[in-house]
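FYI, it's all coordinate maths here, none of it is from the lab. Since the model is a prediction, treat every value here as computed from it, not as a measurement. Here Cβ is always computed from backbone atoms with ideal geometry, including for glycine, and neighbour counts include all displayed protein chains.
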Amino acid sequence: MNALRVFWLSWVLNLRLLSQSLFFVLISVFQPVIFASIAFYMWRAGGREGTLLYVSIGAGLMGMWSATLFGSGGLIVWQRWQRTLELLVAAPPRFVVTMLPFTVATASLGLYSMVATLAWGRLLFDVPLHFEHPLMFAVAVAVTVLGLGVLGLVFASTFVFYRHANAFSNVLEYPVWLASGVLVPVSLLPAFVEPLSWVLAPTWGVRAMRDAAFGGDPLPELAACVALTLVYFGLAWVGAANFERLARKHATLSLT
Amino acid sequence: MARVFVVGGVISYRALFNWVRPLSYATSMLGIPVTQLLFFAYLGRFTGLRDDEFYVVGNAVQATAMGGVFAMTMTVGNERQFGTLGPLLASPANRAALFLGRSLPVVLNALFVAAVVFMAGLLLLDFSLPAGQIPALLLVVVVTASATTGLGLLLGAIGLRAREVIFAGNLVYFVMLLVCGVNVPLDVLPQWLEWVGRSLPLTHGLEAARRVVDGASLTDVGGLLWTEAAIGAAYAAAGFVLFRLLELEGRRHAVLDTY
């Protein structure tokens, strides 16, 4: 079966399923909007110079990360609970190809975050929605979604080995927001954080979005995001293959 | 009744609190509040709004809300999900003891979580706490944690009928983060949002905590503490009344175990 067709159909189905989950509506719409509001008020009251569009973009990306983290981290566990994991593993395409549209769908939910924070900022905080390079901004958002989706694939294929992997998901939200510089520049953080930020797709994604919005050159950041995405895919390929091999060998596929 | 209150409360906490496993507890109840503190403290430094002390006190006291809101939502609402609601309500146990006993371990847990976040502030940020203020701060945290537990009781009671009450718990938690003065001073918010914040638990307790850290005595913050306690008691009373109403309605229409 054509891999692109598998990806498209699975991505659409999962996006529609996730869009009906109250939990994912919360983390992809309400949570980013509330965090954006907090940041807006802090920005204004602190007298920080600069446009609030900076905050909107950062808050939107925060929502993207939350959706990816919680959606992808529990992906395989949920498939196991629903008794559909065996079907996915037994399907003709490679398991990593089967999972990829799932994780990209969770990252795609982040599009709701971006739209919600931009609209919320415009309506309630008079955020000027002026983009220097609107097409490049859209490309930056799409590349970031893909990068986050594949990073989610790494989580999905790694966390599956730990029964209580959601415990790791819970604690990665704020640190990645900080390390990626979505709202706070990495230069303000302790020095050891900067090298960590280089290996996170959100770092390059938010920089590309800002460059596209404020008139810089987003191409180098986009290239970095794409390169990281390829590295993530390699890691996920190895992780998923390892999971599949071990699960078949030990007959533990359906065990919780 | 005392046994229902104490033993029943502890057992329900261990059985129904989703984060009771050590790793889940460490990441959810300790990791999230500490990383939240660091995020907002650095955001505060970047925006130039208030010093580290503001965010340490705000997020440490707000951490008690995590336990108060989520724990009570789980330990009451989860009875229905796990199919133990029917036997529970069929028992002759005093409802007040049954209900309120679940809040005791939550308050104790909240104290521990707040202490960890304060420690993180001391070690990682520019924050200091006079040792002489610790007893007063302890009392403020206990009162605030108890008050947020009252709100959690109300949400938990809603969970007797609502299917995804954890959604409501999460939403309330995030709203409290915005309107209760945790990271945004109340005078920065629009008037209507400030009113919302002042009608919720946590707001007055947090204000008392900040004054205590700045050197105020318990006498100085007594009014705030009584207000916090009264708000928490009102939510707890509303939660208890709602619990009883939903219980009676559930018995009448045989919907106690529907999910």
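Structure data summary
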quantity: Cα gyration tensor of region A:3-250 - equivalent ellipsoid semi-axes, whole Å, descending; calculated: 32, 18, 17
quantity: Candidates B:Gly156, B:Gly121, B:Gly132, ranked by Gaussian network fluctuation over chain B, Cα under 10 Å, top entry; calculated: B:Gly132
quantity: Using alpha-carbon coordinates, inclination of helix B:165-179 to the longest axis of chain B, degrees; calculated: 20
quantity: Pairwise centroid distance, computed over Cα atoms, of region B:186-259 with region B:84-135, Å; calculated: 15
quantity: B:Asn94 paired with A:Gln20, simple spin-label distance in nm, labels 7 Å along Cα-to-beta-carbon; calculated: 4.7
quantity: Efficiency of FRET from Cβ geometry, B:Ser199 and B:Thr219, R₀ 25 Å, rounded to 0.05; calculated: 0.50
quantity: Selection of chymotrypsin sites (Phe, Trp or Tyr not before Pro), region A:151-239, meeting DSSP coil and at most 13 other Cβ within 10 Å; calculated: A:Phe161, A:Tyr162, A:Phe192
quantity: Gaussian network model of chain B, Cα within-10 Å springs - most flexible of B:Leu38, B:Leu23, B:Leu245; calculated: B:Leu23
quantity: Compactness of region A:196-256 as Cα Rg over 2.2 N^0.38 Å, two decimals; calculated: 1.68
quantity: Choice from B:Asn59, B:Asn170, B:Asn109 with maximal GNM fluctuation in chain B (Cα, 10 Å cutoff); calculated: B:Asn170
quantity: Rounded if a/c under 1.5, otherwise prolate or oblate - the protein assembly as shown, Cα gyration tensor axes; calculated: oblate
quantity: Mean-position separation - Cα centroids, region A:166-210 and region A:75-148, in angstrom; calculated: 18
quantity: Relative counts (whole %) of C-alpha pair distances in region A:1-121, using bins that are 5 Å wide; calculated: 2, 12, 19, 19, 15, 11, 8, 6, 4, 3, 1, 0
quantity: Within-10-Å neighbourhood charge of B:Arg45 [Cβ basis; K, R +1; D, E -1]; calculated: -2
quantity: Anisotropy class of region A:175-225 from Cα gyration tensor, a/c 1.5 cut; calculated: prolate
quantity: Cβ-placed point charges (K, R +1; D, E -1), dipole of region B:2-253 about Cα centre in debye, nearest 20; calculated: 1060
quantity: Förster radius 45 Å - calculated FRET efficiency between B:Leu245 and B:Leu108 (Cβ-Cβ, nearest 0.05); calculated: 0.95
quantity: Global geometry of region B:2-253, whether rounded, prolate or oblate, following the gyration tensor of its Cα atoms and the 1.5 cut on a/c; calculated: prolate
quantity: FRET efficiency for A:Val115 and A:Leu9, using Cβ-Cβ distance with R0 set to 35 Å, rounded to 0.05; calculated: 0.90
